[in-house]
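Colleague: Here's a structure for you.
Taken together, the values in this text are just the output of simple stated rules run on the coordinates, not laboratory data. All values derive from a computational prediction rather than experimental measurement. With ideal geometry, Cβ positions are generated from the backbone for all residues, glycine too; neighbour counts draw on all protein chains shown.
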Amino acid sequence: MDSFRTLIPYLRLHRGQYVIGLIAVVIANSVNLLPYYFIRLTIDGLTGQVDGDPATTGIALGTAGLYALGIVAAALVAGGFMLLMRRMIVVASRQTEYEIRRDLFAHLQGLDKPYYDRARTGDLMNRLTGDLSAVREMLGFGAWQIVNIVSGFITAFSVMFSLSWQLTLIVLALVPVIVGVLTYLARQINVRHRLAQEQNSLIAAKAQENFSGARVVKGYAIENREIDDYRAMNLELLRRNIALTRVDGPLRSFMSLLLGLAFGLILLVGGRLILAPDSTFTVGMFVQFVGTLERLTFPMLMVGWITGVTQRGLASWLRLKEIFDSQALVRDEPGRTDPTLRTVRGDVTFENVTVRYGDKTVLNDVNLHIPAGTFLGITGPTGSGKTVLGQLLTRSMDPTGGRVLVDGHDVRVIPLRTLRDAVSVVPQEPFLFSDTIANNIGLGLDNRDLPPVLTGVSVVGAPPPDDIPQQPDPARVREAARLAGLTEDVDGFPQGFGTMLGERGVTLSGGQRQRTAIARALVREPRILLLDDSLSAVDTETERRILDGLREVSRGRTVILIAHRVSTLRHADQIVVLEDGRVTEQGSHDALLAQNGHYAQLERLQRLASDLDADETPSDEQAPRDLAAPLDPEAAADRLPAAPTPEQVNR
Amino acid sequence: MTRPDASDAFQKGFDTQLTRRILHYVRPYLPLVIGGVLLALLISLAAPVFALIQRHAIDAYLSPLALRTEPDLDLLRRGLTGAALLYMGLKVVEFALQYAFTLAIGYLGQNVLRDIRADVFGKLQRLPLSYFDQNPVGRLITRVTSDVDAINQFITGGLVSLIQSSFIIVVYVVIMLSVNWQLALISFTVLPVLFLATNYFRARLRDAFRETRTQQATVNSKLNENITGMLTVQLFGRERRSALDFNLSNRALLSANENSVKWFSLFMPVVAVLGQVAVALILYFAARQILGVDASGAVAGAITVGTLFAFVQLSQQLFQPIQDLADVFNNLQAAMASSERIFGVLDTEESITDKPDARSLTNFEGRVDFRNVWFAYDQTVTADTPDTDERWILRGIDLHIRPGESVALVGATGAGKTSVTALVSRFYDVQRGSVNVDGTDVRDLAQHDLRRHVGVVLQDVFLFAGTIESNLTLNNPDIPHERVIEACRYVGVHEYILSLEHGYQTEVRERGATLSTGQKQLLAFARALIQNPDILLVLDEATANVDTETELRIQQALKRVMQGRTSIIIAHRLSTIEHCDRIVVMRRGHIVEQGSHHQLLEKGGYYARLHRLQYAQADAAD
């Protein structure tokens, strides 16, 4: 129940709808009992007419007609209120679902890299889909069903009691048994349904694995074993589904059996009441009694379900709450953050910076000064901490010890917005969106003046959202693409810059993706440009062109370039060699060559390599191959990480 | 890719040929079908009896008509008891019938589902690798999941309810007409309206639900993309734009949902009101007939109160089958589209098949010969395609490998190295020339046989759900545990496996995401060793993220695995290449150089330069 309290703010947003809806349920439930009342009056009138006894009152055809109209009128009123209820409560639950989803999304946007390093996308997706549905079901279906059950029972029992207390007692004795049995069945169905679903997912996973591993399956000729496995799993599914059918299939007929038995008893006892001398219990009342009892079928059936819906809903809400409760470590903090810092020149200093993951030291007391407008090259073996250095600068994480200063301010003081507007990063494996190439390049443009999506407010009465203008300046995009050496590739695509990337469009090669990411960074004209091994999949000729372009635009900007190739690094004002989290060499290209250390060795070896490059132009930078359907399997590794298909997500 | 699937599902009409093929799957369960139909018939015969018992009880024992002339109360009570007991007894019988029916249909549907799935899955196992290159995994999954489910729905929800509903409707119509034809006709007037209304609303709801599903899919994929790319979004200050964009989709989903609620909230009350209109009609016309007859009431066949009550019940019970019937067509339509797709898979031509007289291999030596092989992945390329065509991947490869010889393939990406290995396993068929194993064209060998003798070690070991051990044996129960351990010792991964929580029985999670690259590679070698192939194909990717120690271990393992086997290795590691008997340098589908390490170094060609470069880089990495 405690978990329910935290949901109340969302319920409060739709208080009016819930109140009106619930009242509508009560009215509909009461009015629903009228038709059998009219039937009773008609039957009693008719029996009075034909029994030939002048003492009993008869009925005129006109009156019977009125009763018939009354039945229709009652049905219309009840139906109208049910319609009202659905449009209030069910719609409110959908709106709440929207609001929670909207707010979760906003919250997720505020969480930092450490959170996303821990969280698994699949798990988050499950919460945002399955758990959210469960909460919505509790708020919509659950809410009106609870009121429906309560008011249904109360109204029906008052009517039945007024007709015959004896029969009502029988029903009262039977109802708990019926509800108990149905609740038990509902629980069984739940359990078995889950078992069947689990097996279903296993089978789907098996198929998925088999299809994506077709190369292994065929390579080792294990098709028959796979088929046997798959058949065995399906047999198990059949078993579980039949087990489910055993309890689930006959639910409705079981209900009809239980009610039938109740009816038999009522016929037995009620009949005797009618036959009793001086009886006030009439055939009409008997019919009304039976009809009213029938109205309880659905509520009785629902008692068992509603507990499940509520339990699931509350448990799911707790899981959503967990997301809401997680806080970013890296964030602006009032008191610490200085909102007056709006611009950045680009002077960067690492001051005794140490980073530890657990007991593993990634950066060890690094000191480094990069004056504004200079070009720093960083190199070093894999795992030496180069990437982490970059992540500290963008405040993707904070150091364990020491400080990172930009323009003399600790980055923790600079508003994140200011910092990230000033720094553009090109990662080694860039993430591109399923959007047009132009929009991918313009990712960081024109975002500043957009209005925020309000959270914690009701969607009721909110105007439909405007289309967001997504038209990054084509001239700027084209210029950035040119600098990144991407123009030719893009011109080769069917829709040029309007070509979609990803599943519904083209897949780019590794080099093309890197160059798109470079264009995406350049177009922002950042004060600090950080390239993290982002030319690794680009051939040397293209690399040279890109570097020329970079020099062209990087005048006055701070450039930090992480790379393995000396040809990439040589023009840097300052080159740093990182090894095991420490700066081991530092100086200009010539100075480092003179030192005859790691860098000098690297240079020697790569000079040898360039002789070879002169002869062999690698062919992996040819765009057309990416467009051809059957790919060289080797190229498959170059593709965009495929976004899961909707069906995968839904599962 | 799911989009076209979803939309054409609703445009397909009824197709007798497809239906016949679906029914073919039902045939093995004919007794079940016949039993089910009989049960359905019995159930529909039993259903109206309850209302008739009630009618009898009211008219014979409870109505004042019965009480009018010197009633024998005892007799009436006994009759009443009899009726009540009969009623309850029949309810039990009805329940038993219904239960048996449900189980029979469930059993039928599940079995058909299983059979179709097995067929589709089996077919997919026989289809060549090129089929998997062309069809995204998601689409294939849909075939064995939702498409098969739709056919199951067609049988259990479509055909069965068609039969059952028709039975019930016929029986009810006959009984109601025979009890009182005037009243029957009057209560029937509502049914066409009900049918049309149900049909109308179901169509609207179907459209609305389809729209919700589409919108939900959009929301989900945007969520997924934003979560995966959240750090990029943050670094580029795109939070607000992303939020606005997501809000658009989120709102669209809300609107779609509200639209569904709109139709649904109308649909239910309309059905309820129609039900009460039927009751009102019956009530009024029954009253008119009753009041119309003369007051003594002794007219034979006149409506009684019991009849009135029975008609109220019967007319309500007719509603469900009418609604079911209106629904049948929706199920049929969805099933048509799905079955067409499924049969599309089943009818796919298996381009790589065993010849009827395919030879099986008994004594395997391991000789491999490529004779003037021309090959392209593009299947529109034929033997007649000109040599200059861009699509050729291999252009006249002649390569002869002796049993036990180890050959390293060297060359840039796209040179055709992978294709060479894929052709030895006959994953694809060549357009010109032939690939021979032990002197026999691979196209004349049984695929299974061939592949059992050819082991492939992929760059990235593909791990299945299961334990480490089941991944090594590939679920072959005949492989003894000792052999697994022996192999793992041999490649040097035994200690590592033992260090895991459950040793060899440790469950592989998330396709081995927790394993390092080096460990995966060693597992791949162990797997290949355990399968003990005569020809070994190794796709060996020099990986950056392997520490020196693991690197050494991998090299050692590879050397050992190669021993005494014909090996074709796509090698990036110099040490591996050096240890091979022969090095074949490929460029753009041609072999440009071949010979031993020393021969090629002396020759001073492409390989010699490559060698200098790689040595340089290898040193630099340390």
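Colleague: What translational diffusion coefficient, in µm²/s and rounded to a whole number, does the Stokes-Einstein relation yield for the range A:2-325 at 25 °C and a viscosity of 0.890 mPa s, taking the hydrodynamic radius as the Kirkwood radius over Cα pairs?
Modeller: Taking Rh from Cα pairs, D becomes 102 µm²/s.
Colleague: How big is chain B along each principal axis, measuring the range of its Cα positions in Å and listing the largest first?
Modeller: Answer, in whole Å and largest first: 127, 63, 57 Å.
Colleague: Given H placed on each backbone N at 1.01 Å, which residues far from A:Glu579 in sequence or on other chains put an amide H within less than 5 Å of it?
Modeller: Residues meeting the criterion, in which the H sits 1.01 Å from N, are A:Thr584.
Colleague: Only counting other Cβ atoms within 10 Å, I'd like B:Asp133, B:Asp384 sorted with the fewest neighbours first.
Modeller: Details: B:Asp133 18, B:Asp384 7.
Least to most surrounded, the residues fall as B:Asp384, B:Asp133.
Colleague: Taking the Cα centre as origin and putting +1 on Lys and Arg beta-carbons and -1 on Asp and Glu beta-carbons, what dipole magnitude results for the range B:181-302, to the nearest 20 debye?
Modeller: Dipole size: approximately 380 debye.
Colleague: Another question, if that's okay. Could you compute how fast the range B:181-302 diffuses translationally, taking Rh as the Kirkwood radius over C-alpha pairs and applying Stokes-Einstein at 37 °C with viscosity 0.692 mPa s? Give it in µm² per second.
Modeller: D, rounded to a whole number, is 172 µm²/s.
Colleague: In addition: Can you check what the Kirkwood hydrodynamic radius comes to for the protein assembly as shown, Cα pairs only, in Å to one decimal? All intermediate terms of the calculation are to be shown ahead of the outcome.
Modeller: On the way: mean 1/r = 0.0277 Å⁻¹.
Every distinct Cα pair counted, the radius reaches 36.1 Å.
Colleague: Another question, if that's okay. So for the pair B:Ala446, A:Gln471, with labels modelled 7 Å out along Cα→Cβ, what separation do we get in nm?
Modeller: Those two pseudo-labels are separated by 6.8 nm.
Colleague: Please arrange B:Glu482, B:Glu507 by how many other C-beta atoms lie within 10 Å of their C-beta, fewest to most.
Modeller: B:Glu482, B:Glu507
Colleague: Further question: Cut-off is 10 Å between beta-carbons; in what order do B:Lys355, B:Lys417 appear when sorted fewest neighbours first?
Modeller: Lowest count first: B:Lys355, B:Lys417.
Colleague: When only alpha-carbon atoms are used, what values of Rg and Dmax, in angstrom, describe the range B:111-153?
Modeller: 10.8, 32
Colleague: Taking the Cβ-Cβ separation of B:Val173 and B:Glu349 as r and a Förster radius of 56 Å, what is the calculated FRET efficiency to the nearest 0.05? Mind showing how you got there, number by number?
Modeller: Numbers: r = 51 Å, r/R0 = 0.91.
My answer for the efficiency is 0.65.
Colleague: Let me ask you something else. Given the DSSP H assignment, sum -39500 (n - 2.57) over each helix run of at least 4 residues in chain A and divide by its residue total; what's the result at 222 nm in deg cm²/dmol, nearest 500? Mind dumping the intermediate values first?
Modeller: Details: 28 runs with 373 residues, N = 651.
Result for chain A, helices only: -18500 deg cm²/dmol.
Colleague: Taking the Cα atoms of the range B:332-390 alone, what are Rg (to one decimal) and Dmax (as a whole number) in Å?
Modeller: Using the Cα atoms of the range B:332-390, the pair Rg, Dmax is 19.5, 56 Å.
Colleague: Among B:Phe195, B:Ile43, B:Thr380, which residue has its Cα furthest toward the positive end of the charge dipole of chain B, with +1 on Lys/Arg Cβ and -1 on Asp/Glu Cβ?
Modeller: Projecting each Cα onto the dipole axis, the largest value belongs to B:Phe195.
Colleague: Evaluate the distance, in nm, between pseudo-label points positioned 7 Å from the Cα of A:Val460 and of A:Ala276 along their respective Cα→Cβ axes.
Modeller: Here the modelled spin labels are 5.1 nm apart.
Colleague: As I understand it, the value is the acute angle between the Cα axis of helix B:305-317 and the longest principal axis of the Cα atoms of chain B; what does it come to in degrees, rounded to 10?
Modeller: 10
Colleague: Right, next: Once the Cα atoms of helix A:34-50 and of chain A are each reduced to a long axis, what angle between those two axes, in degrees from 0 to 90 to the nearest 10, is obtained?
Modeller: 20
Colleague: Mind checking the dipole of the protein assembly as shown: about its Cα centre, +1 per Lys or Arg Cβ, -1 per Asp or Glu Cβ, Debye to the nearest 20?
Modeller: The dipole of the protein assembly as shown has a size of about 2900 debye.
Colleague: Which peptide among B:144-152, A:543-551 comes first, and what is the full order, when sorted by highest mean count of other Cβ atoms within 10 Å?
Modeller: For the peptides B:144-152, A:543-551, the packing ranking is B:144-152, A:543-551.
Colleague: Hey, got the dipole for chain A? About the Cα centre, +1 on K and R Cβ, -1 on D and E Cβ, debye to the nearest 20? Please list the in-between numbers first.
Modeller: Numbers: 66 positive and 72 negative charges, 458 e Å.
With only Lys, Arg, Asp and Glu charged at Cβ, the dipole is about 2200 debye.
Colleague: Here is a follow-up. Let me have the relative contact order for chain A, percent, based on Cα pairs under 8 Å that are six or more residues apart. Before the final figure, lay out the partial values.
Modeller: Numbers: 858 pairs, mean separation 96.1, N = 651.
So the answer I get is 15 percent.
Colleague: Also: Averaged over its residues, how many other protein chain Cβ atoms are within 10 Å of peptide B:134-141's Cβ atoms?
Modeller: Partner Cβ neighbours, averaged per residue: 6.
Colleague: With a ≥ b ≥ c the root eigenvalues of the C-alpha gyration tensor of the range A:417-493, is it rounded (a/c under 1.5), prolate (a/b larger than b/c) or oblate?
Modeller: Details: a/c = 2.53, a/b = 1.85, b/c = 1.37.
Taking the square roots of the gyration eigenvalues as a ≥ b ≥ c, the range A:417-493 is prolate.
Colleague: Could I have the simple spin-label model distance between B:Val92 and B:Ala465, label points 7 Å from Cα toward Cβ, reported in nm to one decimal?
Modeller: 4.5
Colleague: Here's a follow-up. Which entries in the list A:Lys206/B:Lys559; A:Lys206/B:Lys520; A:Lys206/B:Lys222; A:Lys113/A:Lys321; B:Lys520/B:Lys559; B:Lys123/B:Lys520 go over 23 Å, if you measure between the two C-alpha atoms of each?
Modeller: Going by Cα-Cα distance, A:Lys206/B:Lys559; A:Lys206/B:Lys222; B:Lys123/B:Lys520 fall outside the 23 Å limit.
Colleague: Which order do peptides B:592-598, B:36-42 fall in by mean Cβ count within 10 Å, highest first?
Modeller: Result, highest mean Cβ count within 10 Å first: B:36-42, B:592-598.
Colleague: Within 10 Å of each Cβ of A:116-124, how many other protein chain Cβ atoms are there on average?
Modeller: 3
Colleague: Follow-up question, since we're still on this one. Could you order the peptides A:455-461, B:260-266 from most to least packed, using the average number of other C-beta atoms within 10 Å per residue? Each step should come with its number before you reach the end.
Modeller: Details: A:455-461: 12.9, B:260-266: 18.9.
Packing proxy ranking, top to bottom: B:260-266, A:455-461.
Colleague: Suppose only helical runs count, i.e. DSSP H with n ≥ 4. What mean residue ellipticity at 222 nm does that imply for chain B under -39500 (n - 2.57) per run, divided by all residues and rounded to the nearest 500 deg cm²/dmol?
Modeller: Counting only the DSSP helices, I get -20500 deg cm²/dmol.
Colleague: Partner chain Cβ atoms within 10 Å, averaged over the residues of A:18-26 - can you pull that number for me?
Modeller: Average per residue, whole number: 0.
Colleague: Compute the angle between helix B:606-621 and the longest alpha-carbon principal axis of chain B, please, reported from 0 to 90 degrees and rounded to the nearest 10.
Modeller: 70
Colleague: So, one more: Only Cα pairs under 8 Å and at least 6 apart count here; give the relative contact order of the range A:158-247 as a rounded whole percent.
Modeller: Reported as a whole number, the value is 38 percent.
Colleague: OK, next. Over the Cα atoms of chain A, what Rg and Dmax result, in angstrom?
Modeller: 36.4, 129
Colleague: How would the range A:122-274 be classified by its alpha-carbon gyration tensor: rounded, prolate or oblate, with rounded meaning a/c under 1.5 and the a/b versus b/c comparison settling the rest?
Modeller: On the way: a/c = 6.52, a/b = 2.34, b/c = 2.78.
Taking the square roots of the gyration eigenvalues as a ≥ b ≥ c, the range A:122-274 is oblate.
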